[in-house]
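Just below is one structure, and these are the notes that go with it.
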Amino acid sequence: MALVEELFPICRSITGNGVRETLETLRRFIPLEVNEVPSGTGVLDWTVPPEWNIRDAYILDPDGRRVVDFAANNLHIVQYSRPIDAMIPLGELRPHLHTLPDQPDWIPYRTSYYTENWGFCLTHRQLSSLADGPYRVVIDSDLGPGHLSYGELLIPGETDDTVLFSCHICHPSLANDNLSGIAVATMLACHLQTLRLRHSYRFLFIPGTIGSLTWLARNEDKVGRIVHGLVLSCLGDAGGMTYKQSRRGNAAIDRIVAHVLRNDEVPHRITPFVPYGYDERQYCSPGFDLPVGCLMRTPNGEYPEYHSSADNLSLLRPESLAHSLAVLRRIVAVIEGDAVCRSRNPKGEPQLGQRGLYETMGGQRAASYDQMALLWVLNLADGHHSLLDMAERAGVPFATIRAAADALVAAELLERMPAQR
Amino acid sequence: MALVEELFPICRSITGNGVRETLETLRRFIPLEVNEVPSGTGVLDWTVPPEWNIRDAYILDPDGRRVVDFAANNLHIVQYSRPIDAMIPLGELRPHLHTLPDQPDWIPYRTSYYTENWGFCLTHRQLSSLADGPYRVVIDSDLGPGHLSYGELLIPGETDDTVLFSCHICHPSLANDNLSGIAVATMLACHLQTLRLRHSYRFLFIPGTIGSLTWLARNEDKVGRIVHGLVLSCLGDAGGMTYKQSRRGNAAIDRIVAHVLRNDEVPHRITPFVPYGYDERQYCSPGFDLPVGCLMRTPNGEYPEYHSSADNLSLLRPESLAHSLAVLRRIVAVIEGDAVCRSRNPKGEPQLGQRGLYETMGGQRAASYDQMALLWVLNLADGHHSLLDMAERAGVPFATIRAAADALVAAELLERMPAQR
Amino acid sequence: MALVEELFPICRSITGNGVRETLETLRRFIPLEVNEVPSGTGVLDWTVPPEWNIRDAYILDPDGRRVVDFAANNLHIVQYSRPIDAMIPLGELRPHLHTLPDQPDWIPYRTSYYTENWGFCLTHRQLSSLADGPYRVVIDSDLGPGHLSYGELLIPGETDDTVLFSCHICHPSLANDNLSGIAVATMLACHLQTLRLRHSYRFLFIPGTIGSLTWLARNEDKVGRIVHGLVLSCLGDAGGMTYKQSRRGNAAIDRIVAHVLRNDEVPHRITPFVPYGYDERQYCSPGFDLPVGCLMRTPNGEYPEYHSSADNLSLLRPESLAHSLAVLRRIVAVIEGDAVCRSRNPKGEPQLGQRGLYETMGGQRAASYDQMALLWVLNLADGHHSLLDMAERAGVPFATIRAAADALVAAELLERMPAQR
């Protein structure tokens, strides 16, 4: 939460110094590599746009008062507004002013990345109070050749099989949509750096759309190694968890996340892939079709504060951020801990009692929870079921099955089979 | 509706002049080929029966009054009744009289095609008023060598892949069961003749059972070209649509009709195949197993007026006939318009904005309906999804996806793949 | 029921004379082969335990009264208790006394087969009345080298394809759990001996766990011939039927039992396999994975009287035993009667009327029940559907389809295809 609070005031966009400042802040926690890609670089069907930086922007009324002021809230400016300094009557200014009539006290968030334009966002109440003008409109911005910046961290594991975590870093002062994902991803990366890992983990902190396109264009050779992936966003609000499946719908990551959420105490939803949302749109485009889903609490567009000044720090719950992180750690625990096992004693049940793994007094009504996990693992350890398969069929959390499997390996009743791709 | 009204008084059966008159009437609309198959011709396990024609039939009471009179309603005669002229007491006549005790004012419809017999159908009220007699029974019919008549129309398309529409023409004055299907099929054929078509369309107007058996027996070489088919009946009543699946249950026609009905404003039901009903029984016999379903509103046997004098013109709704035709046209639109497409830009989303296919102001809550259709087509255009697949996955009507695909083809972002069988 | 009553007083265990006496009783009905396997014989991961026999056991209070007496109820002794004759104060005796605090008038059933121990089971009310003692504890038992006994009956059929029925015989005076299965299996075997059978039927009357392990270990060459199997238990209580599926979940026996139960008048449940319960645990261990389910009424552990003195004769219903037997006979009828058939007239429907298999008067609202069965068989007789497939798709009992198929074979319209494995 402290990291979210620190990042909140920075005016990020898809390029510019706000992104760089954000990445530098994250580098205090994790050794991010920062990449700079020049404007004009072709990336797939797109071109890296000019870099945009803004120093100040305001609208002065005829009395010289700042009726709209970028310094008060960086959502006041339409992202990528070109510089301007002009006197304009209200009628001419009007098409450049954006409000939310249904939420008259909130400032909307608007962008115009790929069509040169300028504009201001303000509350509908502000707009209603404006007289005819004329108004002096000042936008002190730079829009020209520069770079697109993004951060990347690879935590290498025993194999090249890579798990991708991607979050966007292009939103200005929006808390749930953007900063929650950035903060949780950073803390997850901190945690993973302390572990011995079978998989490699790649974290991307990128501007939305153009950032994932840029990474994909520059790293086609690495794409094939991605065996699981998650886009992270909206992870700090009070809602339950939402998992949006990968395009495939039946990828391993889809099963893993569903299993973890089903065995969690918090309500959850699983929604099918749709080609709209965050960067899963790019990862799941047909030419890549990566096994990448999107983990959120309340999804983009489904909470009223979305893309407005109301998506601020007061929308976030520290316990939600912590719970989102815990869910991600459990997802990683399944990714790391799953395996196909084979019983060394497949004909009939082995005699667990003589190995201290079974109650000695018979006739009780039912087997205990852990006892059942042992029996499930032994019964399904035919070389065709993974531990996750067993957990699903037994209806118990992965961790319970994993613990039973570990006990059976220790008793030399079970052996792990070599991983297969 | 006018066509139904014109055809209603004709006394049709599985053979005879009523069938010929009906086919001649249809020839005013479509260039039907009329086939005549001699009695005694072997068709599969069956034999074309004698031809039956009837001029008059009545029962005279002792006072010489016509208590039952074919001239009043051609349902009064059991179809295929042999000629007779005899004086009979009521006790002997009784087994030859058929009524509907539960519907005392309706005349039932009965046939005895393949067992020589004679009989009258009358209202239960009429029967109850009959005294002991004796009665003079007169049936002035011919039952002897002749022909079975049926009509056929082939509308050729670019390929030999054939779509079959079949309806029965063997019922006398019954409106929903028989005439509604005949009229809608005729109007559909009129419409298709005006189009440029990828598929060929074959329309059959045939007597039930023996007609489809006859066509199948004489056209085994054409059967393999039938890629989709529908039997049409009961298309004029006030009920919602019913689609009875083909024997396969997962044929393309089953998906297509289900899609069209699901995206229609009128309630519908999909029912599995059962080997009873109309000529789908023959088309779906195991030796042919054609992809032929049956489209109806309220199915045979499920409306009280079925096979009685109450299935008359007052049961029909002109708007139901028009809606049934509209549904069939939409089914044909899917059959004709479906295709497998491939994105020419499959890696990442193409930049739709620069092609005028995307809103330029970003940050809105959700994509528009048509925008989503564009994104779905691009996302699924991997050469493995048909446009119908896309419509189903996107949950939108086929026409919406088709329009999006056309826009993307025009923008050179999409290409149609050659059709595969 | 008379057989259950006769067997009820015998003190059975996993070995010993109670088992032998039980098997001898069954031999009055069916020619069981009794096998004796020496203690110490290795069977898979297990070893045949010592043989246990008990003559008497009691606890004397300081006044010399038998406060717990094996002669009153053979559940009073923990199975496999070693001999003892000692004076013990209550505090030391207490860990050897087992009760059901929630059911203070019932005696629990407890065993300690594989860990040498001794103990008594008593009602909680008895325990509460015990003073400090000291008590004289006497167990007059033998626990030493001997044999494990089990009974086996093979009823040979035309083929070696074998159907296994297995029930446990190791419980002392428990009626539903144990004796109901024994009695129903015995009566089923009596019935099958009177029939000409396509399959061979193997009945096992064995001590739980160690008995099935012993049979499997000694008969690995016969295991592959088992094409269907059922463990039988708890078949006499007033509850509906429960079928626990085989580990495979989609074995033929799973479909067959589900079909029979679905077409039965008594409520039923189908539950998935879990690796706990009766000997299906061993038959379904991954090294064998036999198609063996478990047929019960109220399952083990789900009725309150389970494994207590309340599972006595008063819990059983003669009509439940009879119904369980009837269900098993219907299951056998499907196993024996199923076949894949092929129409000799697959193109179009054959003309049933001329063969006396169809109503001659047409126009009725719907086909009769038996008529529909004829049509279903003809429609699905493509060489790919079994009669059971047809019954499932038609939604009618197997017997109805079988009768229709027999009529069609008699009319030379259908032929049975040779059985395939």
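Some values worked out for this structure:
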read-out: Magnitude of the charge dipole, segment A:146-246, Cβ model with Lys/Arg +1 and Asp/Glu -1, debye to 20; value: 100 debye
read-out: Label geometry 7 Å along the beta-carbon vector: residue B:368 inter-copy distances in nm; value: 6.5, 6.5
read-out: Exam field: residue A:223 pseudo-label spacings to other copies (7 Å along Cα-Cβ), nanometres; value: 4.9, 4.9
read-out: Long-range HN-HN contacts of residue C:51 with modeled amide H, under 5 Å; value: C:144, C:146, C:147
read-out: Per-residue ³J(HN,Hα) for segment A:180-187, Karplus 6.51 cos²θ - 1.76 cosθ + 1.60, θ = phi - 60°, Hz, x for Gly and Pro; value: 4, x, 4, 5, 5, 4, 5, 5
read-out: Neighbour-count ranking [beta-carbon atoms within 10 angstrom, fewest first] of A:15, A:25; value: A:25, A:15
read-out: Label-point gap, in nm, between residue B:342 and residue B:248 - each point 7 angstrom along Cα→Cβ; value: 2.5 nm
read-out: Ellipsoid equivalent to segment B:115-206 - semi-axes via the Cα gyration tensor, in Å; value: 43, 16, 8
read-out: Estimated FRET transfer efficiency when R0 is 56 angstrom, pair residue C:55-residue A:415 (beta carbons, to 0.05); value: 0.75
read-out: Separation between Cα centres of segment B:99-133 and segment B:57-81, rounded to whole Å; value: 10 Å
read-out: Copies compared at residue B:53 - label distances in nm, ascending, label defined 7 Å from Cα in the Cβ direction; value: 10.0, 10.0
read-out: A:416, C:297 arranged by Cβ crowding within 10 Å, fewest neighbours leading; value: A:416, C:297
read-out: Backbone HN-Hα couplings from phi across segment C:244-252 [Karplus 6.51/-1.76/1.60, Hz, Gly and Pro as x]; value: 9, 5, 5, 3, 5, x, 10, 5, 4
read-out: Ascending count of other beta-carbon atoms within 10 Å, so fewest first, for A:278, B:114; value: B:114, A:278
read-out: For segment B:374-421, the spread of Cα positions along each principal axis, largest first, Å; value: 27, 24, 17
read-out: Cubic angstrom per residue, convex hull over Cα atoms of segment B:226-290; value: 83 Å³
read-out: Segment C:21-102, relative contact order [Cα under 8 Å, separation at least 6], %; value: 12 percent
read-out: Percentage relative contact order, chain A, counting C-alpha pairs under 8 Å, at least six apart; value: 16 percent
read-out: Long-range amide H partners of residue B:201 with built H, under 5 Å; value: B:155, B:157, B:163
read-out: Bins of 5 Å, starting at 0 and running to the largest distance - Cα pair percent for segment A:89-135; value: 5, 22, 27, 23, 16, 6, 0
read-out: Mean projected area in nm² (Cα convex hull; one quarter of hull surface) for segment C:25-180; value: 12.0 nm²
read-out: Principal axis box of the protein assembly as shown, alpha-carbon based, largest edge first, Å; value: 112, 112, 50
read-out: Segment B:328-335 - phi-based ³J(HN,Hα) in whole Hz, Karplus 6.51/-1.76/1.60, Gly and Pro as x; value: 5, 5, 5, 4, 5, 4, 6, 4
read-out: Radius of gyration, Dmax [segment B:121-162; alpha carbons; angstrom]; value: 23.5, 67
read-out: Cα-centred dipole magnitude for the protein assembly as shown, charges only on beta-carbon of K, R (+1) and D, E (-1), debye, nearest 20; value: 1060 debye
read-out: Centre separation in Å (Cα based) which lies between segment C:337-387 and segment A:1-52; value: 73 Å
read-out: FRET efficiency for residue C:158 and residue C:364, using Cβ-Cβ distance with R0 set to 35 Å, rounded to 0.05; value: 0.25
read-out: Convex hull of Cα atoms in chain C, direction-averaged projection (nm²); value: 23.0 nm²
read-out: Cα-centred dipole magnitude for segment B:1-117, charges only on beta-carbon of K, R (+1) and D, E (-1), debye, nearest 20; value: 60 debye
read-out: Förster radius 35 Å - calculated FRET efficiency between residue B:319 and residue B:125, Cβ distance, rounded to 0.05; value: 0.60
read-out: Paired Rg and Dmax values of segment C:258-370, which use every Cα atom, in angstrom; value: 22.2, 66
read-out: Percentage relative contact order, segment C:101-222, counting C-alpha pairs under 8 Å, at least six apart; value: 28 percent
read-out: Pairwise centroid distance, computed over Cα atoms, of segment A:262-307 with segment C:188-228, Å; value: 54 Å
read-out: Dipole of chain A, positive end: most advanced residue of A:259, A:363, A:48 [Cβ charges, Cα centre]; value: A:363
read-out: Beta carbon of chain B nearest to the axis of the rotation taking B to C, residue and angstrom distance; value: B:250, 11
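Throughout, read-outs are computed from the coordinates displayed, never taken from laboratory work. All figures in this text were calculated on a predicted structure; none of them were measured in a lab. Ideal geometry is used to build each Cβ from the backbone, glycine not excepted, and the neighbour counts take in all protein chains shown.
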